[in-house]
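Q: Input: one structure, supplied below.
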Amino acid sequence: MEEPTTFERHVYKNASVYHYMKISLDLENGKRSFSDAQFKQLIISALKELYGEVGAAFPFDLLKFDPSSLKAILRVYNKGLVKLWSALTLLGSYQNEACAFRVIQVSPFLLALSGNSRELQLGESLTS
């Protein structure tokens, strides 16, 4: 007789080393242009304000930045996700102007940030 087939279930808990964050910056007057270097420096200053000089040396990458909408995609090590997220959340001003970072999406997979069901527009034809 044949032996019954056995199934094994393997679960990998977050095999990724990084997390990816899609963020946006909201400014009080809404009329300011940033270069990618200025945007990254703003994030570094948020880390420095909350965690001091050690926080300012925190490693993260600005993978993509759209200066027109002030949206960006960041890559951060898993162990530093909470620190970066808290520094972005608690930043309240930039050059004496009220501002706020909004965390739109967070995922261990970059591909997951390519689509957002909250921005999905139904009813459009696929051929147009």
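We did not get these values from a lab; they are worked out from the coordinates using the rules stated. Note that this is a predicted model, so its numbers are computed, not measured. For neighbour counting, all protein chains shown are included, and Cβ atoms are generated from backbone atoms with ideal geometry for every residue, glycine included.
Q: Under the rule of -39500 (n - 2.57) per DSSP H run of 4 or more residues, summed and divided by the residues of the chain, what mean residue ellipticity at 222 nm is obtained, to the nearest 500 deg cm²/dmol?
A: -8000 deg cm²/dmol
Q: Tell me, which longest segment in the chain has none of the GluC sites (Glu not before Pro) that fall in DSSP loops with at most 15 further Cβ atoms within 10 Å?
A: Numbers: sites that count: Glu2, Glu8, Glu28, Glu124.
Of all site-free stretches, the longest is 29-123.
Q: Applying 1/(1 + (r/R0)^6) with R0 = 22 Å to the Cβ-Cβ distance of Leu63 and Arg32, what FRET efficiency is obtained, to the nearest 0.05?
A: 0.50
Q: Which angle from 0 to 90°, rounded to the nearest 10, does the C-alpha axis of helix 81-90 make with the longest principal axis of the chain?
A: 30
Q: If I fit a long axis through the Cα atoms of helix 36-56 and take the longest principal axis of the Cα atoms of the chain, what angle between them do I get, 0 to 90°, rounded to 10?
A: Rounded to the nearest ten degrees, it is 90.
Q: Can I ask one more? Normalised by the residues of the stretch 1-103, what does the relative contact order come to in percent, with Cα pairs under 8 Å and at least six apart?
A: Answer for the stretch 1-103 is 37 percent.
Q: For Lys22, which lysines qualify as cross-link partners when the Cα separation must be under 19 Å and same-chain residues fewer than eight apart are set aside?
A: Here the lysines satisfying the reach criterion relative to Lys22 are Lys40, Lys64, Lys71, Lys79, Lys83.
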